[in-house]
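First up is the structure itself, then whatever we jot down about it.
The values are calculated or read from the model by the stated rules, or taken from the named source; none is laboratory data. What you see is a predicted model, and the numbers here were worked out from it, not measured in a lab. Note: accessible area is taken over every heavy atom of the protein model, side chains too, but ligands, DNA and RNA are not part of it. Shrake-Rupley method; radii C 1.70, N 1.55, O 1.52, S 1.80 Å.
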Amino acid sequence: GAGVSQSPRYKVAKRGQDVALRCDPISGHVSLFWYQQALGQGPEFLTYFQNEAQLDKSGLPSDRFFAERPEGSVSTLKIQRTQQEDSAVYLCASSLGSSRANRQAFFGQGTRLTVV
Amino acid sequence: AQTVTQSQPEMSVQEAETVTLSCTYDTSESDYYLFWYKQPPSRQMILVIRQEAYKQQNATENRFSVNFQKAAKSFSLKISDSQLGDAAMYFCAFGGKLIFGQGTELSVKP
């Protein structure tokens, strides 16, 4: 596609529900990132993929958060047993390569998750 | 730990004037990238400008330029000839996996 696409744009979940957020990166982009952005805050890094390999998951806040990118393209961020503190915008970004020359990340419009 | 600090939660500028947004960071690395991103209400992050730490020359993109002071770990963004469309949240970010600051909300007065 022309840009990074995220779905759904908005998600309301009842506390305790599981949710799955999808990210379609730009075709051919090797690197994929997930961020969590609370209201009025800057995005916080969650996890990073290079192709299908999850190279860094140091930002995942708990074991309820899980991300995958099985074929090195589309990625899914799953949150189990959602809590109110999970309410945030979840941003996905992709970049062409992993080298310093290809560090420009392109962002999707995010998924706004509200846990009630 | 790597941190990014934006000390100005809000800034305001008159249309056609110049405004400077501040950013400081902390790292032990010697070679890295720094970025300024713009986030309008649509939420989509848009890259404004980037700077490679090993380059001494300050980056410039049309009306946007940076003042990069490596020793001071300072990376400010200057917007010249401000336009109404420049109004947005601006985030400074560091490194390959992007460590973001807290953001500065810029308003532009007509």
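A straight chain from B:Arg63 to B:Ala1 at 0.36 nm per residue would run longer than the Cα-Cα distance by 19.0 nm.
Here the Karplus curve 6.51 cos²θ - 1.76 cosθ + 1.60, taken at θ = phi - 60°, turns the phi angles of the stretch B:45-50 into couplings of 6, 10, 5, 9, 6, 9 Hz, with x standing for Gly and Pro. Could you tell me which of the pairs B:Lys38/B:Lys109; B:Lys73/B:Lys97; A:Lys78/B:Lys38; B:Lys73/B:Lys109; B:Lys70/B:Lys109 are separated by over 25 angstrom between their Cα atoms in the structure shown? Result: A:Lys78/B:Lys38; B:Lys73/B:Lys109; B:Lys70/B:Lys109 exceed 25 Å. Taken over the alpha carbons of chain A as equal point scatterers, the Debye sum produces base-10 log I(q)/I(0) values at 0.10, 0.14, 0.15, 0.23 Å⁻¹ of -0.26, -0.51, -0.59, -1.35. Per residue, the convex hull spanned by the Cα atoms of the protein assembly as shown measures out at 125 cubic angstrom.
Counting heavy atoms of the protein chains alone, B:Tyr37 has an accessible area of about 0 Å² for a 1.4 Å probe.
Compactness of chain B was expressed as the Cα radius of gyration divided by 2.2 N^0.38 Å, which yields 1.01.
Of the residues B:Glu29, A:Glu68, B:Glu10, the one with the largest accessible area comes first in the ranking B:Glu10, B:Glu29, A:Glu68, computed with a 1.4 Å probe on protein heavy atoms. Structure remark: mean-square fluctuation, Gaussian network model of chain B, C-alpha springs under 10 Å; the largest value among B:Ala71, B:Ala53, B:Ala87 belongs to B:Ala71.
Sorted largest first by accessible area at a 1.4 angstrom probe radius, with every protein chain in place, the residues B:Glu52, A:Glu71, A:Glu52 fall in the order A:Glu71, A:Glu52, B:Glu52.
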